[in-house]
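Engineer: Take a look at the following structure, please.
The values are calculated or read from the model by the stated rules, or taken from the named source; none is laboratory data. Remember, predicted model here, so these are calculated numbers, not experimental data. Positions of Cβ are generated from backbone atoms using ideal geometry, with glycine treated the same way; all protein chains shown enter the neighbour counts.
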Amino acid sequence: MNSVHLTEEKLQALADKAERTTALEMQHIANCMECRIKFENYQLINSTLQQLPQVAFDPDLADHIVAMVKPQRSAIHWAAFIAAILGGILVMVSTVLYGKQFFAFFIQLPYILRYFFALIPLSFISVQTVLFFLHHQQKMKTVKEKTDYLAT
């Protein structure tokens, strides 16, 4: 038995069949119990790795992660933006010009109509709040699904 053993790198290369095995190396592996066990272990590792299923990598993974991190901006239609500004200006001007008359008119309304006019904006705000939370919940669910997918 030869006292000089084959290196780990040499045994791995021989087990991978990356290098040609010489008769001297094969004789050493056959006679040396320590090198033979290492060589057979490397062959077992190689055959096990080849039997594993290939893992599919999503090439758009980086885009998905960036899309999750980047805040999404919704497009503002310029006509709607200008209409909202003009509407706000109209409300301010009419409040200054006709504020006292509107208040007098509002006081003359029956209680049921006063509550109705007060509840319309409150109900609108409530509906918008609920829609916001539902949208936020859906986004968080999507993020959780993607992170769970990445964890597996």
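Engineer: Determine if the range 128-139 includes at least one residue that is in a helix (DSSP H, G or I), among the charged types (D, E, K, R) and modelled with pLDDT of 80 or more.
Structural biologist: First, pick out the residues of the range 128-139 that are in a helix (DSSP H, G or I): 128-139.
Applying the additional criterion that residues be among the charged types (D, E, K, R) yields 139.
Retained after the next criterion (residues that are modelled with pLDDT of 80 or more): 139.
Among the residues of the range 128-139, at least one is in a helix (DSSP H, G or I), among the charged types (D, E, K, R) and modelled with pLDDT of 80 or more, which makes the answer yes.
Engineer: Restricting the search to the range 93-119, which residues are loosely packed, with under 10 Cβ neighbours inside 10 Å and either under 29 Å from residue 56 (Cα atoms) or of a type in the set (Val, Ile, Thr) (or both)?
Structural biologist: 96, 107, 112
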